Amino acid sequence: MTATLLATHRVEKPWGRHKLWPGFADPAADGDPVGEVWYQSPGDSTPDLLIKYLFTSEKLSVQVHPDDAQAHARGLPRGKDECWVILDAEPHSTIALGTKRPLTHEELRAAALDGSIEHLLDWKPVKAGDFFYSASGVIHAIGAGITLIEVQQNSETTYRLYDYGRPRELHLDDGVDVSDPVPFVPHPMPGKVADDRTILVEGPKFVLERWEGGNRTVTLPEGVTGWLIPITGEGVVDGVAFHAGECVTVRGEAQLHATMGSDLLFAYPGDTRI
């Protein structure tokens, strides 16, 4: 059994913030805003999943990700399904998921070029406690004033369709090609399976569970890695201490002791709960 506290990697973004979230040091007032915190395994490993916090002060670009088959056709290791646990949202914060009506790829390209794509997206109001699963092919954009945890397939392949006039590269050919420009259909969420255990995602690419604090035995099949993400609280897993704002990987069988009242996420690759 191995439990490993992951290193954090802070990523500066033009849409980031100078005021982050409890557990994270704020960047200097005269420094660049921080938009993301990633959790990285030691060495050059490329695990199946990637865990991030996002802190937004402006809208992120309108973007889309390929699925596994589309990624493989482009020589990439995997596609990118992702999901978001909303920790905090300012009043009137929104996330765009899908389009208001089905679009042809020709309509999508034209809308990306003239900027009307922003108004063709389905901008949904969000609040603390919300959860969204964005599969590959779904056109999306995260809005301003949001703090969230993102669990995703470990891929940084992002095709920007529109960026509100920011001077960043767009990827219209690939982005339009992999897009499914239709209204968003929520991913099935199994829900609570025990008093202290809720399944947020069960496949096809990963499982995400939400646990309450307390003591439990974590058992993973050989070769499978789990990611423990404490939203609140603290604890110890196989002798490795953790607190909110950190992330620990777990393999094999481990004893977990988390303070009562803790709120924990646990993610692992696959399509069926363990």
How do the pairs read when you match residues in region 61-78 that are under 11 Å from residue 178 (Cα atoms) with residues anywhere that are basic (Lys, Arg) and outside any loop (DSSP other than H, G, I, E, B), using Cβ under 6 Å and keeping only pairs 6 or more apart or on different chains? 63/160
Could you say whether any residue in region 177-191 is among the hydroxyl-bearing types (Ser, Thr, Tyr) and in contact with a helix residue (DSSP H, G or I) (Cβ under 7 Å, 6 or more places away or on another chain)? yes
For region 46-98, give me every one of the strands (runs of 3 or more DSSP E) that falls completely inside it and has 1 or more residues that are in the same structural domain as residue 16 (by TED's automatic domain parsing) and more than 16 Å from the chain's Cα centre (by Cα). none
I'm told residue 57 meets every condition in (1) touching a Ser or Thr at 6+ places or on another chain (Cβ under 9 Å); (2) touching a residue at least 40 places away in the same chain (Cβ under 8 Å) except one. Can you identify the failing condition by its number? (1)
Please find, within region 224-274, the residue that is nearest to residue 47 (Cα to Cα) out of those that are among the hydroxyl-bearing types (Ser, Thr, Tyr) and under 20 Å from the mean Cα position of the chain (by Cα). 225
Where in region 161-274 are there strands (runs of 3 or more DSSP E), lying wholly inside it, with at least 1 residues that are buried (at least 21 other Cβ atoms within 10 Å of the Cβ) and modelled with pLDDT of 95 or more? 197-202, 206-219, 225-232, 234-237, 240-243, 248-251, 253-269
Among the residues of region 20-36, are any part of a strand (DSSP E or B), at pLDDT 95 or above and in contact with a Ser or Thr (Cβ under 9 Å, 6 or more places away or on another chain)? yes
Which residue, of 64, 85, is among the hydrophobic types (A, V, I, L, M, F, W, C), in contact with a helix residue (DSSP H, G or I) (Cβ under 7 Å, 6 or more places away or on another chain), crowded, with 17+ Cβ neighbours inside 10 Å and within 28 Å of residue 201 (Cβ to Cβ)? 64
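The values are calculated or read from the model by the stated rules, or taken from the named source; none is laboratory data. Quick caveat: nothing in here was measured; it's all calculated off a predicted structure. Virtual Cβ from ideal backbone geometry, glycine too; neighbours counted across all protein chains shown.
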